[in-house]
Amino acid sequence: MYCIEISGSPVAKSRPRGYRTKQGGIRFYTPVKSQRFENIVRERAEKVFTKPLGGPLRMVLVFLLPRPKRLIWKKRPMMRVACDKKPDVTNLAKSVEDGLNGVAYRDDAQIVDLHVSKFYHAGDEWPQVLIELEEVE
């Protein structure tokens, strides 16, 4: 099993943006904020993986989002709280999957079992992404 921690606020995969070229075609690109987050994921994964894994994979993702002010207490412990607001878990997971493509595995189609959860971080934690990846027999 491989474990990766990525400090900082998680970023959801944004929709591709497009623009018209002088020749009349349309070019699509990923917004900069999403590209930066995917590059951070890729850099952290390159320190863990020497070569991409082969075969089917199980992935567990835990996203710890910044805690809103309405959920910050001074006199009682702050536990993790489930987050039911944006960004949605599918877009968060997609940004991590794309960042790990070609580094941790050849293609994200190899993921056969995916567990994703998102919480507001506890009082003794900080915004981050926790990734567990293992090969399945």
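None of the figures in this text is laboratory data; all of them are computed from the coordinates on show. Predicted, not measured: the structure shown is a model, and the values here were computed from it. Positions of Cβ are backbone-derived with ideal geometry, glycine not excepted, and every protein chain shown enters the neighbour counts.
The figures follow:
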quantity: Which numbered condition V41 misses (of (1) of a type in the set (A, V, I, L, M); (2) over 19 Å from A12 (Cβ atoms); (3) in contact (Cβ under 8 Å) with a residue 60 or more places away in the chain); calculated: (2)
quantity: Subset of region 12-63 (residues that are part of a strand (DSSP E or B) and more than 28 Å from K86 (Cα to Cα)); calculated: R20, I26, L53
quantity: Within region 64-82, tally of residues that are in contact with a Ser or Thr (Cβ under 8 Å, 6 or more places away or on another chain) and assigned to a loop (DSSP other than H, G, I, E, B); calculated: 1
quantity: Looking only at region 49-84, and only at residues there that are β-branched (V, I, T) and surrounded by 16 or more Cβ atoms within 10 Å (Cβ to Cβ), the one that is nearest to the chain's Cα centre (by Cα); calculated: V62
quantity: Hits in region 1-21 (condition: surrounded by 14 or more Cβ atoms within 10 Å (Cβ to Cβ) and among the aromatic types (F, W, Y)); calculated: Y2
quantity: Residue list for region 83-126, restricted to those being in a helix (DSSP H, G or I), more than 17 Å from I6 (Cα to Cα) and free of Cβ contacts under 8 Å to residues at least 40 places away in the same chain; calculated: T90, D108, A109
